[in-house]
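The structure appears below as structure tokens.
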Amino acid sequence: ITSVIMSSTIESIGNYAFENCPLDEIKIPKNVTNIGKGAFIYCSPTSIVVENGNPNYDSRNNCNALIETATNTLLVGCHNTVIPNTVTSIADAAFAGHNNLTAIAIPSNITKIGICAFAHCRNLTSIVVDEKNQVYDSRNNCNAIIETATNTLIEGSNNTIIPNNITSIGECAFLGRRNLTSVSIPNGVVSIDASAFQYCNALTSVS
């Protein structure tokens, strides 16, 4: 399924309703007030639009993303999503499976990034966290997202250089980075969580 037109009478989209469907475009009618868990996971759309007047969801600032209005949580993103400054949270697996996603910028107001938010983004090469963000950083131009308080690398890219002051590599941090060829683990790292390097099929050098 590459295309779907939802009736204006639709009010709810069930859990995993379009999982793994390569939808090019997602249009959410204004009467949809409930979207289930993983409804669009691994869809990799190029466009996401929420109809004006929807009380629960929006795609503010033409951001090409599905946002839960009340919580300012980005639920589903595209490879060309520009995360609005008003967004404070990125949901679990929000960008999972976006092979065309090459770069992502994390605004200053983001205070929570869910598990596997960027899993299986095989071509992700650039990650930058706004310097004013008080929860996350991308210190030393490392091309990664680091939880500042715990020194945990939670999301990496194909070009990540793990900083020496990192102590943990989080769950799914490099999951599906199929163009990652080498990685160097600093001596300060004391824990590496589950699936941190799973499906890194091109990884040939670890030191």
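Of the solvent-accessible surface of the chain, computed with a 1.4 Å probe and all protein chains present, 46% belongs to carbon and sulfur. Amide H contacts of Y57: T69, each under 5 Å away and 5 or more positions distant or on a separate chain (H built 1.01 Å from N in the peptide plane; Pro and chain starts excluded).
By the rule of a second cysteine Cβ within less than 4.7 angstrom, the chain holds isolated cysteines at C21, C43, C63, C78, C121, C142, C200.
Within the straight-line cut-off of under 28 Å between alpha carbons, the lysines reachable from K37 are K27, K112, sequence neighbours fewer than 8 places apart in one chain being disregarded. Phi angles across the stretch 90-104 convert, under the Karplus curve 6.51 cos²θ - 1.76 cosθ + 1.60 with θ = phi - 60°, into 3J(HN,Hα) values of 10, 6, 3, 6, 4, 10, 4, x, 7, 5, 8, 7, 10, 8, 9 Hz, Gly and Pro given as x.
Just in the stretch 106-195: which trypsin sites (Lys or Arg not before Pro) are loop by DSSP and have at most 10 other Cβ atoms within 10 Å?
Working: sites: K112, R122, K132, R139, R177, R178; in loops: R122, K132, R177, R178.
Listed in order of number, the matching sites are K132.
With kT/(6 pi eta Rh) evaluated at 25 °C and eta = 0.890 mPa s, and Rh the Kirkwood radius from Cα pairs, the stretch 80-207 diffuses with a coefficient of 172 µm²/s according to Stokes-Einstein. For F18, the accessible surface of its heavy atoms amounts to roughly 30 Å² (probe 1.4 Å, protein chains only, rounded to the nearest 10). With charges set only on the Cβ (+1 for Lys and Arg, -1 for Asp and Glu), what does the dipole of the stretch 85-202 come to about its Cα centre, in debye to the nearest 20? Roughly 240 debye for the stretch 85-202. Taken one residue at a time, the phi angles of the stretch 174-184 give Karplus couplings (6.51, -1.76, 1.60, θ = phi - 60°) of 10, 4, x, 7, 6, 9, 6, 9, 8, 8, 10 Hz. Gly and Pro are set to x.
Averaged over its residues, the chain has an accessible area of 48 Å² per residue, based on protein heavy atoms and a 1.4 Å probe.
The values are calculated or read from the model by the stated rules, or taken from the named source; none is laboratory data. These numbers were taken from a predicted model, which means no experiment stands behind them. Cβ sites come from the backbone with ideal geometry, for glycine too, and all protein chains shown count toward neighbours. Surface areas here come from the heavy atoms of the whole protein model, side chains and all, with no ligands, DNA or RNA. Shrake-Rupley method; radii C 1.70, N 1.55, O 1.52, S 1.80 Å.
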